[in-house]
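The values are calculated or read from the model by the stated rules, or taken from the named source; none is laboratory data. Only a predicted model underlies this, so the values are computations on that prediction, with no experimental measurement involved. Because the Cβ atoms are built from the backbone with ideal geometry, glycine has one as well, and the counts that use them run over all protein chains shown.
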Amino acid sequence: MQTQLRYVGWRVLLMSALLARRLNAQVPSVHTRVVALPQGPVTRIPSPNRHWTLIFECPDYSKERKLWIVENGSHARKLVKEYERSLAIAWAPDSQRFFVEDDYGSNGSDSYVIDPASLKSVDLGTIIASSDPEGAKFLKADHSYLRANRWLDSDELLVVLSGHFDETTQRRVSGSFTVKYQVNLNGGVKKISQRSVEESQ
């Protein structure tokens, strides 16, 4: 009887472990890697489900950089956009979107979420400006850096808006700022924190 109970116990434990492993295989990790670019002439960034590959080409630092997307099954290749400076990119955990943080100049950066199939782009600055009047003001600062920091899940990101107003600005607004947001792409922006300092770039 005791041997039989021990057998049943081990069997339940084994089945639980197998079920947990199967569930973990179905749910990708939330913490997808953020890739800072350029890293050389060619950088490949596969999606978590391996259906897509982003290819960033930077053959010469003095020329424009190109971001391509390839559908791995068909090998179809499309140009996402040409960029002049550095980027940061991360796939959503479910591979249905990726974000691009574009450091377009020394005084600013923008962040977008892009659908890999249609290449439809969503401007995170527009989402924040429509929900937070103060954020809309900060987006127009003399130095304004909107950075998609990381994916919180497949529909939600942590976004950081930092920068400062020049003392010579005519807007009669001065000072530095760093605001952290939780942005849900299905609707909703939550301000997590706000400080009167500029986060280092």
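Condition check: closer than 29 Å to Val179 by Cα, polar (S, T, N, Q), buried (at least 20 other Cβ atoms within 10 Å of the Cβ) and modelled with pLDDT of 95 or more. Does Ser111 satisfy that?
Criteria met by Ser111.
Residue-wise test of (1) under 14 Å from Val34 (Cβ atoms); (2) within 18 Å of the chain's Cα centre (by Cα).
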| site | (1), (2) |
| --- | --- |
| Asn49 | no, yes |
| Phe56 | yes, yes |
| Lys63 | no, no |
| Arg77 | no, no |
| Pro93 | yes, yes |
| Phe99 | yes, yes |
| Gly105 | no, no |
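Among the residues of the stretch 94-108, write down those that are assigned to a strand (DSSP E or B) and either in contact with an Asp or Glu (Cβ under 7 Å, 6 or more places away or on another chain) or surrounded by 14 or more Cβ atoms within 10 Å (Cβ to Cβ) (or both).
Phe98, Phe99, Val100, Glu101, Asp102, Asp103, Tyr104, Gly108
Restricting to the stretch 174-189, count the residues that are closer than 14 Å to Asn149 by Cβ and exposed (fewer than 15 other Cβ atoms within 10 Å of the Cβ).
Of the residues in the stretch 174-189, 1 are closer than 14 Å to Asn149 by Cβ and exposed (fewer than 15 other Cβ atoms within 10 Å of the Cβ).
Given the conditions (1) at pLDDT below 95; (2) among the charged types (D, E, K, R); (3) touching a Gly at 6+ places or on another chain (Cβ under 7 Å), and given that Glu84 satisfies all but one, which numbered condition is not satisfied?
For Glu84, the exception is condition (3).
Report yes if Glu71 is exposed (fewer than 14 other Cβ atoms within 10 Å of the Cβ) and more than 17 Å from the chain's Cα centre (by Cα), otherwise no.
Judged against the criteria, Glu71 is not a match.
Mind checking whether some residue in the stretch 11-30 is under 27 Å from Asp110 (Cα atoms), modelled with pLDDT of 55 or more and touching a Lys or Arg at 6+ places or on another chain (Cβ under 7 Å)?
Within the stretch 11-30, not a single residue is under 27 Å from Asp110 (Cα atoms), modelled with pLDDT of 55 or more and touching a Lys or Arg at 6+ places or on another chain (Cβ under 7 Å).
Under 8 Å between Cβ atoms, which residue pairs at least 6 apart in sequence (or on different chains) link something in the stretch 92-107 that is basic (Lys, Arg) with a partner that is in a loop (DSSP other than H, G, I, E, B)?
The qualifying pairs are Arg97/Asp115; Arg97/Pro116; Arg97/Ser154; Arg97/Leu185.
Please return the ranges of strands (runs of 3 or more DSSP E) entirely within the stretch 118-195 where 1 or more residues are of a type in the set (D, E, K, R) and within 13 Å of Phe99 (Cβ to Cβ).
121-123, 143-153, 156-165
Pull up the stretch 112-157, narrow it to residues that are over 17 Å from Gly188 (Cα atoms) and among the hydroxyl-bearing types (Ser, Thr, Tyr), then point me to the one that is nearest to the chain's Cα centre (by Cα).
Among residues in the stretch 112-157 that are over 17 Å from Gly188 (Cα atoms) and among the hydroxyl-bearing types (Ser, Thr, Tyr), the one nearest to the chain's Cα centre (by Cα) is Ser121.
Condition check: of a type in the set (Ser, Thr, Tyr) and surrounded by 12 or more Cβ atoms within 10 Å (Cβ to Cβ). Does Ser118 satisfy that?
no
State which residue is nearest to Ile55 (Cα to Cα) when the search covers only the stretch 74-93 and only residues that are surrounded by 14 or more Cβ atoms within 10 Å (Cβ to Cβ) and among the charged types (D, E, K, R).
Restricting to residues being surrounded by 14 or more Cβ atoms within 10 Å (Cβ to Cβ) and among the charged types (D, E, K, R), the top hit is Lys81.
Only one of these conditions is not met by Lys63: (1) of a type in the set (Lys, Arg); (2) over 23 Å from Ser154 (Cβ atoms); (3) in a strand (DSSP E or B). Which number is it?
So Lys63 meets the others, but not (3).
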